[in-house]
Amino acid sequence: MAVNLLDFDLEGLAAFCDSLGEKRFRAVQLFRWIHQKGESDFDKMSDLAKSLRGKLAGAAVVESLPVISEHVSADGTTKWLFDVGGGNAVETVYIPEDDRGTLCVSSQAGCAVGCRFCSTGHQGFSRNLSTGEIIAQLRYAEHRLRGPDGQRVIDNVVMMGMGEPLQNYTAVVPALRVMLDDHGYGLSRRRVTVSTSGMVAMIDRLREDCPVALAVSLHAPNDALRDALVPINRKDGIEALLDACLRYVEAAPRDFITFEYCMLDGVNDAPEQALELVHLVRRRRVPCKFNLIPFNPFPESGLKRSPRERVTAFAKVLQDAGIVTTIRKVRGDDIDAACGQLAGEVQDRTRARERLLERRRTIPIAAAEDPR
């Protein structure tokens with residue numbers, strides 16, 4: 001069976017070429033054709049030896065993902081739906097900004113974490129994506145969006161699409177290496193971000209294997225509330241998570257961690273909770289910035305978006321304490337491409353949707369004091 005060359009980082013491709021009796025420089029040439037030039041036809045890779053092209057024709061393919069749909073928002077945000085087979089489809093979003101172009105990439109078909117405020121989690125979970133399926137999203141967007149003179153528009157990639165990237169670690173790390181490789185997409189470590197719900201052991205592994213920028217979905221100032229909003233918190237808790245963040249900063253390309261905080265009306269948006277966050281990060285001396293995210297409501301969540309004035313007041317408490325705080329603009333909500341809205345089409349093979357709805361019935365949301 002032919003292998004998909006999108007599944008390989010450069011070291012993996014070099015090993016594959018070695019198995020064909022070819023030297024490393026041939027892998028570099030091939031890698032550039034695939035990623036920098038977006039070519040899939042070996043016969044068109046003109047500087048490859050004819051003998052190598054013959055070997056590749058029988059042993060390998062460059063297999064992209066079929067595009068089901070493309071939607072463009074009034075604000076220029078573009079969302080693609082990609083078919084990953086088995087009745088599953090994942091979403092990828094490009095967000096143009098004045099100073100950069102950001103691509104939001106999915107790592108799983110669905111998500112098993114089950115955060116209360118995320119529509120992806122409410123749709124359930126099917127499977128992890130392969131390295132090739134992750135990279136295929138960037139590869140398609142990169143060449144779809146290039147200007148008439150070949151100028152690139154994607155200079156920022158965030159693993160914030162469907163799924164928890166660190167639950168798909170063995171596929172995500174090679175994909176990150178392809179993004180960073182100068183023979184691939186040549187992105188800066190500062191411009192590639194992995195977002196996680198807080199998998200402590202895997203944060204430590206990423207620190208050792210491929211430290212890029214890190215965003216942590218915090219969403220609560222104490223364990224009692226975070227347990228209800230982000231169920232994975234029950235495994236390690238906020239203190240262990242902050243310890244992992246402190247360790248990560250030592251190797252990170254940025255000297256801070258970004259804490260994502262989805263603003264939920266009457267749940268986690270009180271000024272007292274902002275003060276609790278201030279005391280938390282000051283006590284632990286965590287270098288950080290906060291990104292406050294307006295919640296994008298969907299019926300199954302039972303939650304509402306915090307009013308603008310409440311978000312502003314919350315931000316002011318953090319800013320007055322000297323913590324860099326931004327309020328994320330709502331982008332692409334007219335095409336369901338805003339943060340937390342990505343849902344795609346997923347066969348719920350683990351009953352994640354059913355379990356999440358049951359949890360919602362048995363665990364009430366309460367902004368109580370942390371009892372621990």
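Side notes on the structure shown:
- Inter-part distance where region 214-270 and region 1-68 are each reduced to a Cα centre, Å: 40 Å
- Segment Phe256-Lys37, extension gain: residue separation times 0.36 nm, minus the distance between their alpha carbons: 75.4 nm
- Proximal lysines to Lys304, defined as alpha-carbon separation beneath 22 angstrom and excluding residues fewer than eight positions away on the same chain: Lys316, Lys329
- Kirkwood's formula applied to the C-alpha pairs of region 94-238 gives a hydrodynamic radius of 15.9 angstrom.
- Considering helices alone, the calculated mean residue ellipticity of the chain at 222 nm is -11000 deg cm²/dmol, with DSSP H runs of length four and up weighted by -39500 (n - 2.57) and normalised per residue.
- Region 222-301: GluC sites (Glu not before Pro) in DSSP coil with no more than 10 other Cβ atoms inside 10 Å: Glu250
- Extension gain (nm, one decimal) between Asp149 and Glu208, 0.36 nm per residue minus Cα-Cα: 17.4 nm
- Mean separation of Cα contacts under 8 Å, 6 or more apart, over the residue count of the chain: relative contact order %: 19 percent
- Model label zone, Val324; criterion: amide N under 19 Å from point 7 Å along Cα-to-beta-carbon; scope region 154-181: 155-159
- Neighbour-limited loop hits for GluC sites (Glu not before Pro), region 47-135 (at most 13 other Cβ within 10 Å; DSSP other than H, G, I, E, B): Glu97
- Cα centre as origin, Lys/Arg/Asp/Glu Cβ charges: region 1-138 dipole, Debye: 420 debye
- Under the convention that each Lys and Arg Cβ holds +1 and each Asp and Glu Cβ holds -1, the size of the dipole of the chain around its Cα centre is about 320 debye.
- Cross-link partners of Lys55 among lysines, defined as those whose alpha carbon lies under 23 angstrom from its own and excluding same-chain residues fewer than eight positions apart: Lys23, Lys37, Lys44.
- Dimensions (Å) - the chain, Cα atoms, principal axes, largest first: 69, 40, 39
Bear in mind these aren't lab numbers, they're just calculated from the coordinates by the rules spelled out. Please read all numbers here as calculations on a predicted model, not as lab measurements. Ideal geometry is used to build each Cβ from the backbone, glycine not excepted, and the neighbour counts take in all protein chains shown.
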